[in-house]
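J.: Got a structure here, written out as structure tokens. Questions coming.
The values are calculated or read from the model by the stated rules, or taken from the named source; none is laboratory data. Note that this is a predicted model, so its numbers are computed, not measured. Note that each Cβ is placed from the backbone with ideal geometry, even for glycine, and that neighbours are counted across all protein chains shown. Side chains are part of the model used for accessible areas, which takes the heavy atoms of the whole protein and leaves out ligands, DNA and RNA. Shrake-Rupley method; radii C 1.70, N 1.55, O 1.52, S 1.80 Å.
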Amino acid sequence: QVQLVESGGGLVQPGGSLRLSCSASGSIFNLYRMGWYRQAPGKERELVASIFRSGITSYGDSVKGRFTTSRDIAKNTVALQMNSLKPEDTAVYYCTARSIDGTRDYWGQGTQVTVSL
């Protein structure tokens, strides 16, 4: 019953920064985990970052030290701050969530991030 909507994608130069936002239709406090996946043509879907109900975060190896995910519980939003972007970061980025009881997963529509000169 949770709807997720991403925003903030676009075109950015290598070395630049971009901030993605995910808005949830309900309280993110009632979700076990929220996260960001990305999918590029010809590549496997990759888990980029996760933020758990406790606030603990986790990152994929390819983005550690460059990306940061955070949340605003009052606004029911999760952000992904992407710094030092590389061309290989180009992908469709999806906001995801898992229900606290583990029975449901939710996906946003995705937002395109393109890193290019």
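J.: Exactly one condition in (1) open to solvent by less than 50 Å² (accessible area, probe 1.4 Å); (2) assigned to a strand (DSSP E or B); (3) not aromatic (Phe, Trp, Tyr) is false for GLY102; which is it?
T.: Checking GLY102 against (1) open to solvent by less than 50 Å² (accessible area, probe 1.4 Å); (2) assigned to a strand (DSSP E or B); (3) not aromatic (Phe, Trp, Tyr), the one that fails is (2).
J.: Given the condition more than 13 Å from GLU6 (Cβ to Cβ), in contact with a Pro (Cβ under 8 Å, 6 or more places away or on another chain) and of a type in the set (A, V, I, L, M, F, W, C), answer yes or no: does some residue in the stretch 62-72 qualify?
T.: Within the stretch 62-72, not a single residue is more than 13 Å from GLU6 (Cβ to Cβ), in contact with a Pro (Cβ under 8 Å, 6 or more places away or on another chain) and of a type in the set (A, V, I, L, M, F, W, C).
J.: Taking the stated definitions as given, is GLY35 more than 12 Å from the chain's Cα centre (by Cα) and not β-branched (Val, Ile, Thr)?
T.: no
J.: So, GLN109, is that one open to solvent by 10 Å² or more (accessible area, probe 1.4 Å) and within 15 Å of GLN3 (Cα to Cα) or not?
T.: Details: open to solvent by 10 Å² or more (accessible area, probe 1.4 Å): yes; within 15 Å of GLN3 (Cα to Cα): yes.
Yes; evaluated as a whole, the condition is true for this residue.
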